[in-house]
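The values are calculated or read from the model by the stated rules, or taken from the named source; none is laboratory data. What you see is a predicted model, and the numbers here were worked out from it, not measured in a lab. Glycine gets a Cβ as well: all are built from the backbone with ideal geometry, and neighbour counts include every protein chain shown.
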Amino acid sequence: MNHKLQGVEAVIDKDLTSALLASKLGAELFVVATDTDSVHLDYKKSTQRLLERVSTAELALYARAGHFPPGNMGPKIESVLKFMRGGGAEAIITS
């Protein structure tokens, strides 16, 4: 058996890693600091709406509907959902 290690290129997502760490530490509150004050539906569209408080189920519905792009708010929303589903009590995304 060959026990030689070989390196590979990889990207570690900071939002998902933070959610995992917060869950493992038993944190009740998970804060995602970003460059926007709040989360919106229909971001930068004439129909833009602020999401002030939502349940985990509501946020998951919005995510499945495609409201949060993968290169933008998507990873932050996904990390919040993982944290909440892992037993977290509250999550905040803000600047």
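Here are the numbers for this structure:
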{"item": "Qualifying residue in the range 67-78 (condition: at pLDDT below 95, buried (at least 17 other Cβ atoms within 10 Å of the Cβ), part of a loop (DSSP other than H, G, I, E, B) and in contact with a helix residue (DSSP H, G or I) (Cβ under 7 Å, 6 or more places away or on another chain))", "result": "yes"}
{"item": "Residue 63 small (Gly, Ala, Ser) and part of a helix (DSSP H, G or I)", "result": "yes"}
{"item": "Matching residues, the range 82-95, being buried (at least 16 other Cβ atoms within 10 Å of the Cβ) and either among the small types (Gly, Ala, Ser) or touching a strand residue (DSSP E or B) at 6+ places or on another chain (Cβ under 9 Å) (or both)", "result": "83, 84, 88, 91, 93"}
{"item": "Odd one out for residue 84 among (1) modelled with pLDDT under 95; (2) within 11 Å of the chain's Cα centre (by Cα)", "result": "(1)"}
{"item": "Long-range neighbours under 7 Å by Cβ, at least six apart or interchain, first residue touching a residue at least 40 places away in the same chain (Cβ under 8 Å) within the range 3-28, second of a type in the set (Asp, Glu)", "result": "16/78; 28/90"}
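For every residue, the table says whether it meets (1) touching a Leu at 6+ places or on another chain (Cβ under 6 Å); (2) in a strand (DSSP E or B); (3) aliphatic (A, V, I, L, M).
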position: 40; (1), (2), (3): yes, yes, no
position: 84; (1), (2), (3): no, no, yes
position: 88; (1), (2), (3): no, no, no
position: 91; (1), (2), (3): no, yes, yes
